[in-house]
Amino acid sequence: MEPTSKNFKSNAAGALTDAQLQRALSNVPRGFVKKRADAAAALPEFEQLRDQGREIKNHTLEHLDLYLEAFEEKVVEAGGYVHWATTAQEACDLVVRLCLDREAQTVTKGKSMISEEIGLNAGLEKMNIEPVETDLGEYIIQLRGETPSHLIAPAVHLTKEQIEADFRRTHTELPEERNLDEPASLVYEARQILRQKYIDADVGITGANFLIAETGTSVIVTNEGNGDLTQTLPKTHIVLASIEKVVPTLEDASTLVRLLARSATGQDISNYTTFSTGPRRRGDPDGPQEYHVVLLDNGRSSMLGTEFQEMLRCIRCGACLNHCPVYQAVGGHAYGWVYSGPMGSVLTPNLIGVNEAGHLPNASTFCGRCEEVCPMRIPLPKMMRHWREREFEKHLTPFAARRGLGVWAWFAMRPKFYQRVTRWAARILKWRAGRSGRLANVPLAGGWVKYRDLPAPQGKTFQQMWKERDNV
Amino acid sequence: MSDNATRREQILGRIRTSLNVDADSMERLELVADRLEDHKRNIVPDRASGTVAQNVKQFCERMEAVNGTVEHVKTPSEIPGAIANYLRLHNLPQKIRRGSDPALEKLPWGKARSLEVAVGAARKTDEVSVSRAFAAVAESGTLVMTSGSDNPTSLNFLPENHIVVVEAGRVAGSYEDAWDVVRAVYGDGEMPRTVNLISGPSRTGDIEQKIELGAHGPRRLHVIVLNRPSSAK
């Protein structure tokens, strides 16, 4: 997909005035945030598990080459194939080729962010292969020609009225007078329509939440069961995974499973956690006859050994999105590419470049909630700061901001002068605010006070007060 | 070298360059080999360390908390009747499909005379399936289903109603306990084609975060716990 991350500011401005989007987004803090807090509180070991989750991923990343080799060996042993892709385009071409070679007409798909990253649906459609998204949220946004706005709730930006309108527009074979007032009837309608697709599909494509080196297993986590129907019924199962998804053992995967659902939806475990190893075995009455894993790098190997290595611990739970005041206000599409929220602000510049996405790390108030709730304890604010520094070094920061920083730096390097000016400013602002204690007009800060008043300084600067404190 | 082998070398090479490591460092190789072979446990939540009876109790409570239903029987011969009753209760046809698992094969199906029993992988028209669980996990109310010639995976997902029989003695405390049983049966480092961890009926929250059951998989999940008096200690 063509990134629009450069336009974050105008995307966000549009999102803030979109009444339907704002209504849909109001569900985020009410739902996900409370459920996660309850789930974390209900498990006394939760914080320790987070520490261990971090250790597991750190260890794996330090030995990533060896765990990938071990994983591959076990997949081949079980009768499966491993395909390596260095770029998104390579991965897309590879999967399209696999489908063409199998003369596939219909391909069902479980939810996969890698599929979004490599633009797979467009690639398949170009070759006249019909991709069918089966996760309900993904199905809805596919009908709308949109991309997911959330890692685990791709249609979180929509209201049920919008979804009803989409179903009426596209499911024209169904009676017009049918009642679709309730979410339940919408869910049922999608279920009926997708049922036949599962059976007709020639290839089923899923993502992977984890890959297990010990056994050559790919793991998917769903609540709907769509991923399982997608991978069980067609003749060929293709798994899309990025290289950092591998973990050493079943035990390590279990620890991460305990963290994933609690952080994402507040469940102890998702309804369906499925471990797949190779194609169907002799005598099996069902299951795919072929099993392929596509391992995608797309810039990740270059993150190792840098200040962004820790980002590769991410397990895509979406907690940082749910808790982010910026995400809550503007939703996922404003970020302009596949990944959104704090994790997107850190990952996207790594994958598509700081020139395209350098603006995203500025979409943060640095409140720190993302790091507080991250099950993998990824220091997201710190990494956003690294990007800001790089953006500045590359002269990508807007002129006004650079100029402002320049002026401030000039002052800051002359402490005596700085202190005198700030003392004066504090006094003048206090005097100007008068009894109200608030300022509606401040020179050079017109944009800021347009939407709120500035609380006036109390008359002394921080440094003055610090000095007085020392003298006590 | 094929394209795939070239790309593989490229990716592994980049990883090694970024990490600043050698491909043949014995120290790293041994560390990784040991970790895979030892597959040590990480922290296991305390609530997973109960007795068999506590495990069964916790499993049932947690399964019910995620909208599964549970009933207990004392002998295998009660199972066909229990299934027939369940179908009547929910106004479902007296027709099931099951796998050829030996434990299900030897049940006295003739006892439930109205019940029509088909065997094999699920078909689109099947409304009710019956499976036998390989194990269960108490800490999260989870069934562990393994695929094989006698346990078709499609039975777990395609029909709208899924009935699962689990022996009380197979209810483990934690996921790790269940993996130990898998290893004992299939061998270290080996897995059946599919292991499904199932915790309640299918659901979605994709429309305005309102939870609806029966998204794509079963709308109902009913667990029959076979609790022989001697097995509950």
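Observations on the structure shown:
- Note on A:215-226: average number of Cβ atoms from other chains within 10 Å of each residue's Cβ is 6.
- Hydrodynamic estimate: the Kirkwood radius of region A:195-277 over Cα pairs, inserted into Stokes-Einstein at 37 °C and 0.692 mPa s, corresponds to D of 247 µm²/s.
- A dipole drawn for chain A from +1 and -1 charges on Cβ atoms has a positive end, and of A:Val442, A:His292, A:Ser26 the residue lying farthest that way is A:Val442.
- Cubic angstrom per residue, convex hull over Cα atoms of region A:266-331: 190 Å³
- Taken over chain B, the percentage of Cα pairs per 10 Å bin, counting from 0 up to the bin with the maximum distance, is 7, 26, 29, 17, 12, 6, 2, 0.
- In this structure the amide hydrogen of A:Trp337, modeled in the peptide plane, comes within under 5 Å of the amide hydrogens of A:Thr4, none closer than 5 places in sequence on its chain.
- Region A:43-296: proportion of alpha-carbon pairs further apart than 30 angstrom, %: 29 percent
- Low-density loop positions, trypsin sites (Lys or Arg not before Pro), region A:256-298 - DSSP coil, at most 12 other Cβ in 10 Å: A:Arg282
- For A:Glu146, neighbours were defined as the other residues whose beta-carbon sits under 13 Å from its Cβ, and their charges (Lys and Arg +1, Asp and Glu -1) total -3.
- DSSP beta bridges fully contained in the protein assembly as shown are about 35 percent antiparallel.
- Centroid-to-centroid, using Cα positions, region B:62-131 and region B:167-216 are 19 Å apart.
- Going from the residue with the fewest nearby Cβ atoms within 10 Å to the one with the most, B:His90, A:His83, B:His222, A:His171 rank B:His90, A:His171, A:His83, B:His222.
- Other residues whose C-beta falls under 11 angstrom from the C-beta of B:Glu167 contribute a net charge of +3, scoring Lys and Arg +1 and Asp and Glu -1.
- The phi torsions of region A:289-305, fed into the Karplus equation with coefficients 6.51, -1.76 and 1.60 and a -60° offset, translate into couplings of 7, 10, 9, 10, 10, 9, 9, 9, 8, 6, x, 5, 4, 6, 7, 4, x Hz, rounded to whole numbers, with Gly and Pro shown as x.
- Sorted peptide list for A:408-415, A:65-72, criterion being average Cβ within 10 angstrom, highest first: A:65-72, A:408-415
- When the alpha carbon gyration tensor of chain A is reduced to an equivalent ellipsoid, the three semi-axes, largest first, read 46, 27, 21 Å.
- Nearest-ten-degree value, helix A:250-264 long axis tilted from longest Cα axis of chain A: 60 degrees
- Counting only other chain Cβ atoms within 10 Å of each residue's Cβ, the peptide B:182-193 averages 5.
- Out-of-range pairs (alpha-carbon distance over 26 Å; input A:Lys430/A:Lys467; A:Lys245/A:Lys382; A:Lys235/B:Lys106; A:Lys57/B:Lys40; A:Lys35/A:Lys160; A:Lys245/B:Lys124): A:Lys235/B:Lys106; A:Lys245/B:Lys124
- Dipole moment magnitude, nearest 20 debye, the protein assembly as shown about Cα centre, only Lys, Arg, Asp, Glu C-beta charged: 3480 debye
- Average Cα contact separation per residue, chain B, under 8 Å, 6 or more apart, as relative contact order %: 24 percent
- Each helix, a run of at least 4 DSSP H residues, gives -39500 (n - 2.57); summed and divided by the residues of chain A, these come to -14500 deg cm²/dmol at 222 nm.
- Per-residue mean of foreign Cβ neighbours for A:378-386 is 0 (Cβ atoms of other chains, 10 Å radius).
- Centre separation in Å (Cα based) which lies between region A:204-238 and region A:400-444: 58 Å
- Amide H contacts of B:Gly148: B:Thr153, each under 5 Å away and 5 or more positions distant or on a separate chain (H built 1.01 Å from N in the peptide plane; Pro and chain starts excluded).
- Packing here is the average count of other Cβ atoms within 10 Å per residue, and on that basis the peptides A:123-131, A:319-327, highest first, run A:319-327, A:123-131.
- Taken one residue at a time, the phi angles of region A:330-346 give Karplus couplings (6.51, -1.76, 1.60, θ = phi - 60°) of 10, x, x, 5, 4, 6, x, 8, 5, 9, 10, x, x, 5, x, 5, 8 Hz. Gly and Pro are set to x.
- Backbone amide hydrogens, once placed in the peptide plane, bring B:Val119 within less than 5 Å of B:Arg98, excluding anything fewer than 5 places away on its chain.
- For chain A, taking a cut-off of 4.7 Å between Cβ atoms, the unpaired cysteines are A:Cys92, A:Cys99, A:Cys314, A:Cys317, A:Cys324, A:Cys367, A:Cys374.
- When peptides B:208-214, B:96-102 are ranked by their average number of other Cβ atoms within 10 Å per residue, the highest-first order is B:96-102, B:208-214.
- Mean ellipticity per residue at 222 nm, deg cm²/dmol - from DSSP H runs of n ≥ 4 across chain B, formula -39500 (n - 2.57): -9500 deg cm²/dmol
- Region A:1-126 shape via C-alpha gyration tensor axes, a/c threshold 1.5: oblate
- Descending principal axes extents, region B:77-168, alpha-carbon based, whole Å: 35, 28, 25
- Under the Karplus curve 6.51 cos²θ - 1.76 cosθ + 1.60, θ = phi - 60°, whole-Hz ³J(HN,Hα) for region A:60-65, x wherever Gly or Pro sits: 4, 5, 5, 10, 4, 4
- Ordering A:Asp453, B:Asp206 by the number of other Cβ atoms within 10 Å of each residue's own Cβ, fewest first, gives A:Asp453, B:Asp206.
- Region B:108-154 - percent relative contact order, Cα under 8 Å, separation 6 or more: 31 percent
- Cα-based helix-to-principal-axis angle, A:399-412 vs chain A, degrees rounded to 10: 50 degrees
Since every read-out is calculated from the coordinates, none of them should be taken as a lab result. Source: prediction; values computed, not measured. When we count neighbours, we look across all protein chains shown, and the Cβ atoms used for this are built from the backbone with ideal geometry, even at glycine.
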